[in-house]
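The values are calculated or read from the model by the stated rules, or taken from the named source; none is laboratory data. Here the structure is a predicted model, which means the values were calculated and not measured. With ideal geometry, Cβ positions are generated from the backbone for all residues, glycine too; neighbour counts draw on all protein chains shown. Side chains included, ligands, DNA and RNA excluded: accessible areas come from the protein's heavy atoms. Shrake-Rupley method; radii C 1.70, N 1.55, O 1.52, S 1.80 Å.
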2 protein chains.
Amino acid sequence: MAALDQLVEALRRLPGVGPKSAQRMAYHLLQHDRAGAQQLIAGLTEALARVQTCTRCHGFSEAPVCAVCSDGTRDLGLLAVVESPADQAVLERSGSYRGYYFVLGGRVSPLDGRGPKDIGGEALIARALDGGVREVILATSFTAEGEATAYLLGEALKSRGLSVTRLARGVPVGSELEFVDLGTLAHALADRR
Amino acid sequence: MAALDQLVEALRRLPGVGPKSAQRMAYHLLQHDRAGAQQLIAGLTEALARVQTCTRCHGFSEAPVCAVCSDGTRDLGLLAVVESPADQAVLERSGSYRGYYFVLGGRVSPLDGRGPKDIGGEALIARALDGGVREVILATSFTAEGEATAYLLGEALKSRGLSVTRLARGVPVGSELEFVDLGTLAHALADRR
Ligand SMILES: [Zn+2]
Ligand SMILES: [Zn+2]
């Protein structure tokens, strides 16, 4: 059945979904949860239409400027640099950070020829220099690529006279920031160096 | 963000997807694979519109009568009874079966008050009696509920003079038919009793 096979193919594109899970999902939706399939269509359609990139921090936003960037009560002097909207969300949920964000387009990858320019390094420097930033907190992952990203961006920021810190190494080495527990993250923020 | 949260909620309805995976999927689609999200919308929309129930076997079909039921070269004397379209698909893939199917709407569940009538038992009997069926093969799962389903349907079919067999117990006890390897399934078909 062409329509069923195409649904299985589409589900396989989701992260962490192999051929067996994709087939199981497709059969489940068609046999037991057609309302769930409709809800997923609506959720995807709405999210694609509404969730855009904040012009200021480059995180997810449903308005040209996101709720965080529009929040005047935050500390204008603090700018946290993260690799992705998911990492921004987890820092927010830690409840320990009251500054602003800059969301990179991933990490540098020397092997793939992806350097600071390819992940928004120039926009970050412009944002960090646009007035009031006292400290740039590099909150990239503690993986080899995350460390390289922090090193390269840190050097560029310092050469422009900016004060740069890094999350404390309370974060377990080798782990993705997105999967770190919130307590560890709160410690790492307090001990930033 | 309302649209993002609603997408996460919709993804959580998929089988095997918890809150963390749902969030990861939503962020991945919005940040890295908007084309994949569009493909999923199209796949879901097409499948909901096209995949219906075969009027004869009650399996999935894109036409009023499915390809298997329309296949005149199969053995009219054999009717395999399965719990779901997924189980029908796995029997087909085993390549060992050349008869027709009847797809139940699940299994009986005494605890939930779900009896043979609630899973299509009467339609099964009508189908089994509509001429030419020599043997009804009960291919329900080898779980407690699958065994109860086979027992209850088997008694009802035998009382109407039909010959009833069960897949051989080559299938590991306690397992769902959908997840059995194809070789075991081929053996179980050959040794049906
Ligand atoms: Zn923003
Ligand atoms: Zn059919």
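Screening residue A:39 against (1) out of contact with any Phe, Trp or Tyr (no Cβ under 6 Å at 6 or more places or on another chain); (2) at pLDDT 95 or above; (3) assigned to a loop (DSSP other than H, G, I, E, B) leaves a single unmet condition, (3). When A:129, A:153 are checked against the criterion of being within 23 Å of residue A:98 (Cβ to Cβ) and open to solvent by less than 10 Å² (accessible area, probe 1.4 Å), a single residue qualifies: A:153. So in the stretch B:80-111, with the set limited to residues that are over 21 Å from residue B:148 (Cβ atoms), part of a loop (DSSP other than H, G, I, E, B) and touching a helix residue (DSSP H, G or I) at 6+ places or on another chain (Cβ under 8 Å), which one is modelled with the highest pLDDT? Within the stretch B:80-111, the match that is modelled with the highest pLDDT is B:97.
Taken together, B:105, B:95, B:115, B:99 contain a single residue that is small (Gly, Ala, Ser), farther than 15 Å from residue B:57 by Cβ and surrounded by 12 or more Cβ atoms within 10 Å (Cβ to Cβ), which is B:115.
Quickly run through the stretch B:35-55 and pick out the residues that are within 16 Å of ligand 2 (Cβ to nearest atom) and more than 7 Å from chain A (Cβ to nearest Cβ).
Matches in the stretch B:35-55: B:52, B:53, B:54, B:55.
For beta carbons closer than 7 Å, sequence separation of 6+ or different chains, a first residue in the stretch B:16-38 that is on the phi > 0 side of the Ramachandran plot and a second that is among the small types (Gly, Ala, Ser) and in a helix (DSSP H, G or I), the qualifying pairs are B:16/A:21. Would you check which residues across the stretch B:156-193 are touching a helix residue (DSSP H, G or I) at 6+ places or on another chain (Cβ under 7 Å), among the charged types (D, E, K, R) and surrounded by 13 or more Cβ atoms within 10 Å (Cβ to Cβ) and list them? Result: B:166, B:178.
The residue that is nearest to the other protein chains (Cβ to nearest Cβ), among those in the stretch A:70-85 that are closer than 24 Å to residue B:37 by Cβ and in contact (Cβ under 8 Å) with a residue 40 or more places away in the chain, is A:84.
Here is a check on your reading of the model: is residue B:67 away from ligand 1 (no atom under 16 Å from the Cβ), at the interface with chain A (Cβ under 10 Å from one of its Cβ atoms), open to solvent by 60 Å² or more (accessible area, probe 1.4 Å) and closer than 22 Å to residue A:7 by Cβ? Considered against the rule, which asks whether it is away from ligand 1 (no atom under 16 Å from the Cβ), at the interface with chain A (Cβ under 10 Å from one of its Cβ atoms), open to solvent by 60 Å² or more (accessible area, probe 1.4 Å) and closer than 22 Å to residue A:7 by Cβ, residue B:67 comes out as yes. Is it the case, given these coordinates, that residue A:77 is touching a strand residue (DSSP E or B) at 6+ places or on another chain (Cβ under 9 Å), modelled with pLDDT of 95 or more and more than 16 Å from ligand 1 (Cβ to nearest atom)? Against the criterion (touching a strand residue (DSSP E or B) at 6+ places or on another chain (Cβ under 9 Å), modelled with pLDDT of 95 or more and more than 16 Å from ligand 1 (Cβ to nearest atom)), residue A:77 qualifies. When residue B:32 is tested against (1) open to solvent by less than 20 Å² (accessible area, probe 1.4 Å); (2) of a type outside the set (Phe, Trp, Tyr); (3) more than 8 Å from chain A (Cβ to nearest Cβ); (4) away from ligand 2 (no atom under 12 Å from the Cβ), only condition (1) is not met. All conditions in (1) within 16 Å of ligand 1 (Cβ to nearest atom); (2) facing chain B (nearest Cβ under 7 Å); (3) in contact (Cβ under 8 Å) with a residue 12 or more places away in the chain hold for residue A:58, with the sole exception of (2). Being in contact with a Ser or Thr (Cβ under 8 Å, 6 or more places away or on another chain), modelled with pLDDT of 95 or more and in a helix (DSSP H, G or I), is that true of even one residue in the stretch B:44-65? Scanning the stretch B:44-65 turns up no residue that is in contact with a Ser or Thr (Cβ under 8 Å, 6 or more places away or on another chain), modelled with pLDDT of 95 or more and in a helix (DSSP H, G or I).
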